[in-house]
1. Anything in segment 60-76 that is within 19 Å of Glu125 (Cβ to Cβ) and either more than 14 Å from the chain's Cα centre (by Cα) or in contact (Cβ under 8 Å) with a residue 60 or more places away in the chain (or both)? List them, or say none.
2. Answer yes or no: is there a residue in segment 164-174 that is surrounded by fewer than 17 Cβ atoms within 10 Å (Cβ to Cβ), part of a helix (DSSP H, G or I) and of a type outside the set (A, V, I, L, M, F, W, C).
3. Among the residues of segment 102-141, write down those that are surrounded by fewer than 21 Cβ atoms within 10 Å (Cβ to Cβ), more than 23 Å from Arg32 (Cα to Cα) and hydrophobic (A, V, I, L, M, F, W, C).
4. Can you find a residue in segment 55-71 that is at pLDDT 95 or above, within 21 Å of Tyr142 (Cα to Cα), hydrophobic (A, V, I, L, M, F, W, C) and assigned to a helix (DSSP H, G or I)?
5. Which of the following residues is assigned to a loop (DSSP other than H, G, I, E, B), surrounded by fewer than 22 Cβ atoms within 10 Å (Cβ to Cβ), touching an Asp or Glu at 6+ places or on another chain (Cβ under 9 Å) and small (Gly, Ala, Ser): Ala88, Ala96?
6. Just to be sure, is Ala42 at negative phi and in contact (Cβ under 8 Å) with a residue 24 or more places away in the chain?
7. Report, ordered by the first and then the second residue, all pairs with beta carbons closer than 6 Å, sequence separation of six or more or different chains, a first member in segment 114-125 that is of a type outside the set (S, T, N, Q), and a second member that is buried (at least 16 other Cβ atoms within 10 Å of the Cβ) and outside any helix (DSSP H, G or I).
8. Is it the case, given these coordinates, that Ala147 is surrounded by 15 or more Cβ atoms within 10 Å (Cβ to Cβ) and either touching a strand residue (DSSP E or B) at 6+ places or on another chain (Cβ under 9 Å) or over 23 Å from Leu171 (Cβ atoms) (or both)?
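The values are calculated or read from the model by the stated rules, or taken from the named source; none is laboratory data. All of these numbers come straight from a predicted model, not from anything done at the bench. Counting neighbours? That spans all protein chains shown, and the Cβs are built from the backbone with ideal geometry, glycine included.
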Amino acid sequence: MNASTEPHDGQPAPGPVGRTLESHLGSRQVSRVIYGTIIGLALVVALEAHPPSPGVVIGTLLGTAVAVGFAELYSEILGIETRKRRHARGAELRHAASDVAAVAFGIAFSIVFFVLAAAQVIEEETAFTVAKWSGVGLLGFYGFSAARLAGGGLSASALRGLAAGLIGAFLIGLKALLH
């Protein structure tokens, strides 16, 4: 049997996409992507009140991803140095950089929708709508996946996914109440 057809917990092994997803779901980066997604979602929700051009949204999301990424990297390095009483080393810096990339990805996740709006493939309003609800969906997906990987049944995992998605829905609802 080759790697793509060997049994995997009683199931056929996933293909390359499934293996990549499974590897990601087993990594520390999941929590970082969630953190970044919440930041990006909050930013999209705030910008929607007085929507700038798609280019400005793209720049704002990218700028935020870089700024938060640098803040995350700096805080990780300081944390290592204060805990271990020495300078951070190569492997620790690579690990921190991997976490930073995951946070930045979560923040910048919805840029694709604003690129489509800038290219006039979709309307700006649609970009905001899809960006918001795809963020909610991503949070729900991670909640569902975490519950399933922890051994939860389908119904319990769906409820956990729904609960995770409610974090994003809370941001959207809060904006609706305040504007």
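1. Passing the criteria: only Thr60.
2. Yes, segment 164-174 has at least one match.
3. Answer for segment 102-141, where residues must be surrounded by fewer than 21 Cβ atoms within 10 Å (Cβ to Cβ), more than 23 Å from Arg32 (Cα to Cα) and hydrophobic (A, V, I, L, M, F, W, C): Val115, Leu116, Ala118, Ala119, Val121, Ile122.
4. Yes: one or more hits.
5. Numbers: Ala96 fails: assigned to a loop (DSSP other than H, G, I, E, B).
The conditions single out Ala88.
6. Working: at negative phi: yes; in contact (Cβ under 8 Å) with a residue 24 or more places away in the chain: yes.
Yes.
7. Pairs found: Leu116/Ile122.
8. Working: surrounded by 15 or more Cβ atoms within 10 Å (Cβ to Cβ): yes; either touching a strand residue (DSSP E or B) at 6+ places or on another chain (Cβ under 9 Å) or over 23 Å from Leu171 (Cβ atoms) (or both): no.
So Ala147 fails the test.
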